[in-house]
1. One residue is enough: does region 276-298 have a residue meeting the conditions within 16 Å of ligand 2 (Cβ to nearest atom), farther than 24 Å from Val427 by Cβ and crowded, with 20+ Cβ neighbours inside 10 Å?
2. Give me the helices (runs of 4 or more DSSP H) completely within region 190-245, filtered to those with at least 3 residues that are out of contact with any Gly (no Cβ under 7 Å at 6 or more places or on another chain), ordered by residue number.
3. Out of everything in region 207-227 that is surrounded by fewer than 24 Cβ atoms within 10 Å (Cβ to Cβ) and in contact with an Asp or Glu (Cβ under 9 Å, 6 or more places away or on another chain), what residue ends up being farthest from Ser98 (Cα to Cα)?
4. In region 87-109, is there at least one residue being at pLDDT 95 or above, on the phi > 0 side of the Ramachandran plot and not hydroxyl-bearing (Ser, Thr, Tyr)?
5. Testing Thr510 on (1) assigned to a helix (DSSP H, G or I); (2) at pLDDT 95 or above, one condition comes back false. Which one is that?
6. Out of everything in region 299-313 that is in a loop (DSSP other than H, G, I, E, B) and in contact (Cβ under 8 Å) with a residue 60 or more places away in the chain, what residue ends up being nearest to ligand 2 (Cβ to nearest atom)?
7. Would you check which residues across region 286-325 are farther than 15 Å from Phe457 by Cβ, modelled with pLDDT of 90 or more and within 15 Å of ligand 1 (Cβ to nearest atom) and list them?
8. Counting only residues that are in a loop (DSSP other than H, G, I, E, B) and surrounded by fewer than 21 Cβ atoms within 10 Å (Cβ to Cβ), how many does region 64-114 have?
Amino acid sequence: MAFYLGLDSSTQSLTAVVLQVDGDARRVVLEHRLEFDEALPHYATRRGVLLSDDPLVAEAPPAMWAEALDLVLSELKDSRLDLAHLRAISGSAQQHGSVYLARGAGSRLSSLDPVRPLAPQLGPGRDATAFFSRARSPIWMDASTTADCEAITRAVGGAQALAELTGSRAFERFTGPQIRKFARTDPGGYARTERIHLVSSFLASLLAGRHAVIDPGDGSGMNLMDLRARRWSPVALEATAPGLADKLPPIAESWTDVGPLSPYWQRRHGLPAARVIAWSGDNPCSLVGTGLVREGLAAISLGTSDTIFGLMREPRVDPTGTGHVFGAPTGHYMGLTCFANGSLARERMRDGVGGGWTDFSEALRRTPPGNGGTILLPWYVPEITPHVATPGPRWYGRPSSGPAADVRAVVEGQMLAMAAHSFWMGVQVTAIHATGGASVNADILQVMADVFGADVFRFEAGNSAALGAALRAWHADELAGGTGREWEDIVAGLAEPVASSRVRPRPGLTALYADLLPVRAACEAHALGRGPDPAPAIEAVLHRHAGNA
Ligand code: ADP
Ligand code: XUL
């Protein structure tokens, strides 16, 4: 019998999932979450983020993530599980965030005093400058590096060249632009920096008591990694900051054994010398945690933001520059497209029909697919896909017939946008695993199935990133032990959708939505000032589907 621990350090919380494997039986035996704001109020974060005068800046204290790790491991020690059987630990972390360790950090990692808590040993309280060369870490919500994105893009030969090289054009939240800004605005701090980690490799380093590697899954969220070669790109490093190659950890496969859990954790919490497996980003871990280990499956997460992602065997890059290609922890690639206007846009329309999700569903059921030719681009906040800096919804076609039609407009608008902006992945989607808060709504999933022409399954695992990390720990342990297991086998029975939740596409409607896709694209092009008035195209589709729409 063996236990595998998966941790997920997200924006707001640290979650632990323990997987028990006993012969062919495997099950999750513990799930535990610590909310940063609540458990560690002395860092004064709100939803895990430090307050800032500049709305474009988003930072968090790395000492808080370390203290949370210490607390969660001590809480595990107090659980009824016999952790002497703990074989391996891996983790997931919010992507793109970076942690700056000062000179001497490497030796301090290996000489922590097990009698004392972790955080005070990393420096004096909130201004932890002794261990960290920067006490506040920039995170994925930061949007303050536009000038750095532009400079990097120019230096590597344009947005398309950067996307071909690293998997994404320059994005403000990506780590390369963030490092460039730090080196430019605080050259002293940058010079004092011994190692720049991602949140994932930082936490793995704390566990192993030595600098850990960065895996290709998280490394591809930096605009610094050569996507195909899976190593740092000299051109991208050069474009970012001086002497950067010496400050970055090496890149190594996601199943790398970083070393045993350091004596600090063994003595402090009575844990065994379990293998520490390289950590990865939350999206790559969720890929495993939602069972997407072969091409043809996609996950759609309907949360605060909506994302669509799936495994890709080949690194096909989005020619339109909105999607990302990351390394997958299986050794393949994954495509991901992120939409900022998710739940908030749906909630706005829900409030229009009475304020409840039942009213929302009812509205979807009594309005016709195609919505009588009303098309909405629901850009209530600045949109990531496509890039829309100045928010404001854009309505096209026939005017909406009222609040119920508005509900259909937002759901159809979102699903059509997700379908349109995932074509670049070049994957024929046959089944979709729906996750996130809104995935409990079967009427939303019906529109999803009709638009994509694919079966949709609800996926229950709330902690898919932490579960993915635990499964990765198991996979790597098997590999290191010389047995190895297929990924399909690793995820079987654990990272699987609810079979009874299957929603089938309705054939006539898939044809209707296939016709609406280019029309919606024409609306988007018009809204962005890149195309003619789409009104005639909308009328033509209405005419063709007169009985349906
Ligand atoms: P986060 O991205 O913050 O983790 P979640 O994935 O937990 O978000 O999703 C929370 C959201 O789910 C809520 O803000 C709400 O809009 C939405 N939601 C909850 N229940 C329903 C429902 N029945 N139908 C549609 N949306 C729902
Ligand atoms: C992905 C991204 C977010 C963070 C959230 O590119 O920025 O999904 O990983 O934790």
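1. So the first thing to find is which residues in region 276-298 are within 16 Å of ligand 2 (Cβ to nearest atom), and the list is 279-290, 292, 298.
This time we only want the ones that are farther than 24 Å from Val427 by Cβ, so: 279.
Now drop any that are not crowded, with 20+ Cβ neighbours inside 10 Å, which leaves 279.
The answer is yes, given that some residue of region 276-298 is within 16 Å of ligand 2 (Cβ to nearest atom), farther than 24 Å from Val427 by Cβ and crowded, with 20+ Cβ neighbours inside 10 Å.
2. Working: elements: 199-208, 216-219, 234-240.
The qualifying helices (runs of 4 or more DSSP H) are 199-208, 234-240.
3. Leu227
4. Yes, region 87-109 contains at least one residue that is at pLDDT 95 or above, on the phi > 0 side of the Ramachandran plot and not hydroxyl-bearing (Ser, Thr, Tyr).
5. (2)
6. Filtering region 299-313 for residues in a loop (DSSP other than H, G, I, E, B) gives 303-305, 313.
Next cut, in contact (Cβ under 8 Å) with a residue 60 or more places away in the chain only: 303, 305.
Numbers: Gly303: 10, Ser305: 7 Å.
Within region 299-313, the match that is nearest to ligand 2 (Cβ to nearest atom) is Ser305.
7. Ser286, Asp306, Thr307, Phe309
8. Initial filter on region 64-114 (in a loop (DSSP other than H, G, I, E, B)): 78-82, 94-97, 103-104, 110-114.
After this cut, where a residue has to be surrounded by fewer than 21 Cβ atoms within 10 Å (Cβ to Cβ) as well, the list is 78-82, 103-104, 110-114.
So the answer is 12.
The values are calculated or read from the model by the stated rules, or taken from the named source; none is laboratory data. What you are looking at is a predicted structure, and each value in this text was computed from that prediction instead of being measured. Quick reminder, even Gly has a Cβ in these numbers, built from the backbone with ideal geometry, and neighbours come from all protein chains shown.
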